[in-house]
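What follows is a single structure, written as structure tokens, with notes after it.
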Amino acid sequence: AYTDGLALLANLELIEGNFDEALGAIEKIGTEVEENEKLLNIRGRIFTARENWDEAESSFKKAIVLNSSNFNNHRALLAFYQSRGKKDQAKEVLDGMIKEFPDQPQAHLLLAQFYRMDNRPEMVEAELKKVTEIAPDNPRFRLQLASLYLARGDFKKAEETLVQARKELSDKPDIGAELATLYLDQQRFDEAQKIYDELVEASPG
């Protein structure tokens, strides 16, 4: 309870911008911090706010060493490097996350985001396709892939993605609505009308 209270106090002080007080609360816990991934991440955030970069990095890395199977530990270090503009280090963390969590959609989405910021559209596409393979029943990922194609002006691939998704996820109306919208934008009114009629029939309410 004592440790939990100090951890909560440290978080509150950090949110309030009282960085010295936040660090003081964590330091009162003593050596237990070094063996607690949650406390190490709090300390890392405090050091980041204080611009104690080396200490922050060390805290985040120690949390990963303690528990590499906790996705959030890796994400904390990734966020630290990204906030510092450390692209090479961020990519190294992302590669580690993909290795540690190959079937975690969020890892691939974070990598796709990295490639998007690095202006590598072909790699963004590869990661989003990987996500749809990992979680084929999640319509959100199909829509994200289709949106990528639409943003690139590749309407053929967008249509193919949505048509395939609609075949495999026939009970997800968002996919049909997106496909109908694509047809409307292309003035393919009969095809759009057909989909809208089917959506209304499936969900008359």
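Estimated from helical segments only, the mean residue ellipticity of the chain at 222 nm is -25000 deg cm²/dmol, where each DSSP H run of four or more residues counts as -39500 (n - 2.57). The modelled label-to-label distance for the pair Asn67/Asn138, using points 7 Å beyond Cα in the direction of Cβ, is 2.1 nm.
With every protein chain left in place, what is the accessible area per residue of the stretch 110-199 in square angstrom, probe 1.4 Å? Heavy-atom SASA per residue in the stretch 110-199 reads 58 Å².
In the structure shown, the pairs Lys28/Lys62; Lys62/Lys129; Lys87/Lys156; Lys87/Lys172 are assessed against 26 Å; a Cα-Cα span above that value is assigned to Lys62/Lys129; Lys87/Lys156; Lys87/Lys172. The magnitude of the dipole of the chain, with charges of +1 and -1 set on the Cβ of Lys/Arg and Asp/Glu and taken from the Cα centre, is near 440 debye. Determine the share of the stretch 151-205's accessible area contributed by carbon and sulfur atoms, expressed in whole percent, with a 1.4 angstrom probe. Here it works out to 50 percent. Couplings 3J(HN,Hα) for the stretch 128-144, derived from phi with the Karplus relation 6.51 cos²θ - 1.76 cosθ + 1.60 (θ = phi - 60°), are 5, 5, 4, 5, 5, 6, 5, 10, x, 8, 9, x, 4, 6, 5, 5, 5 Hz, where x marks Gly and Pro. Just Leu40, Leu110, Leu182 to compare: in a GNM of the chain, with alpha carbon springs under 10 Å, which one fluctuates most? Of Leu40, Leu110, Leu182, the Gaussian network model singles out Leu182 as fluctuating most.
For Phe189 and Gln113, the FRET efficiency from 1/(1 + (r/R0)^6), where r spans their Cβ atoms and R0 equals 35 Å, is about 0.45. Per-residue Karplus couplings for the stretch 190-196, computed as 6.51 cos²θ - 1.76 cosθ + 1.60 with θ equal to phi - 60°, are listed in order as 5, 5, 5, 4, 4, 5, 4 Hz, Gly and Pro entered as x.
Selection among Leu179, Ile195, Tyr149 by position relative to the dipole of the stretch 125-205 gives Tyr149 as farthest towards the positive end (Cβ unit charges, Cα centre). The computed P(r) over Cα pairs in 10 Å bins from 0, in percent for the structure shown corresponds, within (i) 8, 26, 22, 18, 15, 9, 1; (ii) 8, 26, 19, 14, 12, 10, 7, 3, 1; (iii) 7, 23, 24, 21, 15, 8, 2, 0, to (i). Assuming R0 = 30 Å, what is the FRET efficiency of Asp95 and Glu51, from their Cβ-Cβ distance, to the nearest 0.05? After rounding, the FRET efficiency stands at 0.65.
The values are calculated or read from the model by the stated rules, or taken from the named source; none is laboratory data. Small disclaimer: the values here were computed from a predicted structure and weren't measured. Heads up, the Cβs are rebuilt from the backbone with ideal geometry, glycines too, and the neighbour counts pull from every protein chain shown. Accessible surface is based on the protein model in full, side chains and every heavy atom, while ligands, DNA and RNA are left aside. Shrake-Rupley method; radii C 1.70, N 1.55, O 1.52, S 1.80 Å.
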